[in-house]
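In what follows, a single structure is set out as structure tokens and then discussed.
The values are calculated or read from the model by the stated rules, or taken from the named source; none is laboratory data. None of these values were measured; they are calculated from a predicted model. So basically every Cβ, Gly included, is an ideal-geometry build from the backbone, and we count neighbours across all protein chains shown. Calculation scope for accessible area: heavy atoms of the full protein, side chains included, ligands and nucleic acids excluded. Shrake-Rupley method; radii C 1.70, N 1.55, O 1.52, S 1.80 Å.
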Amino acid sequence: MIELVCNLHSHTRFSDGAGFHRDVVAAAARAGLDVVGVTDHNVWVGGLQGYHNRVLLLVGEEVHDPCRQPQANHALILGAGQELAPLASSPQALIRAARELGALVFLAHPVEYAPRWLQSRLGEPALPWVDREVVGFTGLELWNTMSEFKARLRTPLHALYYAFFPHRFLFGPFPEAVRWWEQLWLSEIPAVAIGGADAHAHLYALGPLRRVLFPYEWLFRAVNTHILVDHPLQRRVEEDWPLIRDALQAGRAWVANDLLGSSRGFRFEAYSGHRRATMGETLRRAGAVQMEAVAPLPGEFRLIRFGDGVVARARGRMLRHLTAEPGIYRIQVYRGGRLWILTNPIRVI
């Protein structure tokens, strides 16, 4: 399979971002992305999707109901090819319509926190997904860079600190989001986990300090989604988008904080007899099952079975674990005490 590095959540001046589509694509190219998604708030911009230099620009939409108070339920939609914001008042109708158009729907920043001072002084509220009874969505944006930043700003002094040391706030998805994701899988809802920047490239001001804390390029070097497609891209959107859509739909993907080192080349697979499965796939046992994860850099590996926690650990560049137990298994890899890689699971039956 061919690996692609994607960041599927960014904004331009068509909504509340600081740059244009060309700025997003240029930053994505400098950061080494293969695919970048622009998902402006409640506006779908036609005519721009396609290859720009070597980067594939996908134009989607982040849909939410602006009349809802307090704000909640932001949905990332990729591949609809038309405006869907008029359906925002009904999350279930929105999801249904998008899926009927062949689009992917990810619940954006499904768990989010915002300190009180941030809401009152800067107008930055928490924007979680609260209607958890919806069905039919593709997955969860499990790790959102800007959501984690928002949650870390317990005081204005924290904001000042992270303005100079932005890489130090990234530790991983919120535990509540991970628990929700695991519960979905245990309830036979195979929700795909992705990560994204939620890039806006805003200029922030705190007293006399004014700076763009998170330029597009910096964010595109941080939390990304790596996917595995069946064959190389052809540089034709009509052929390449279905490959990318199918890989994301299947969950052949992992999320990585690439600031800790590029995770290109990582793999997680399971074997049983002559049978083999990778992330997002199901392996039917033919006896014992060999789990194997390999990373391009050394780290601390944890093999996790949904509902049971960590079942194996290893240090270095590889984890191997032999088991006869069915279950839903995923890998987490840490570097320097911080989460580096989180995979979608392999189901063993």
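One table, with the values for the structure above:
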item	result
Where the Cα pairs of the stretch 162-317 fall when distances are cut into 10 Å bins, in %	9, 29, 36, 19, 7, 1, 0
Shape of the stretch 147-202, Cα gyration tensor, a/c cut at 1.5	prolate
Convex hull volume per residue in cubic angstrom - Cα atoms of the chain	129
J(HN,Hα) series, the stretch 58-65, from Karplus relation 6.51 cos²θ - 1.76 cosθ + 1.60, nearest Hz, glycine and proline x	9, 10, x, 7, 9, 9, 8, 8
Prolate/oblate/rounded label for the stretch 134-242 (Cα gyration tensor, a/c 1.5)	oblate
Å² of accessible area per residue within the chain, as computed with a 1.4 Å probe and no ligands counted	41
GluC sites (Glu not before Pro), loop per DSSP, at most 11 other Cβ atoms within 10 Å - longest free stretch of the chain	189-349
Extension gain from E238 to E124, taking 0.36 nm per residue of separation minus the Cα-Cα distance	37.2 nm
Helical mean residue ellipticity (222 nm; -39500 (n - 2.57) per DSSP H run of 4+; nearest 500) of the chain	-6500 deg cm²/dmol
Extension gain from S187 to H231, taking 0.36 nm per residue of separation minus the Cα-Cα distance	12.6 nm
DSSP-loop trypsin sites (Lys or Arg not before Pro) across the stretch 1-75, with at most 16 other Cβ within 10 angstrom	R13, R54, R68
Trypsin sites (Lys or Arg not before Pro) within the stretch 262-292: DSSP coil, no more than 15 neighbouring Cβ in 10 Å	R264, R284
Spin-label proximity, S262 to the stretch 1-45 - amide N less than 16 Å from point 7 Å beyond Cα toward beta carbon	2-7, 28-35
GNM result for the chain, Cα springs below 10 Å: residue of L259, L107, L248 fluctuating most strongly	L259
Folded to 0 to 90 degrees: helix 91-100 orientation relative to the chain principal axis, Cα	60
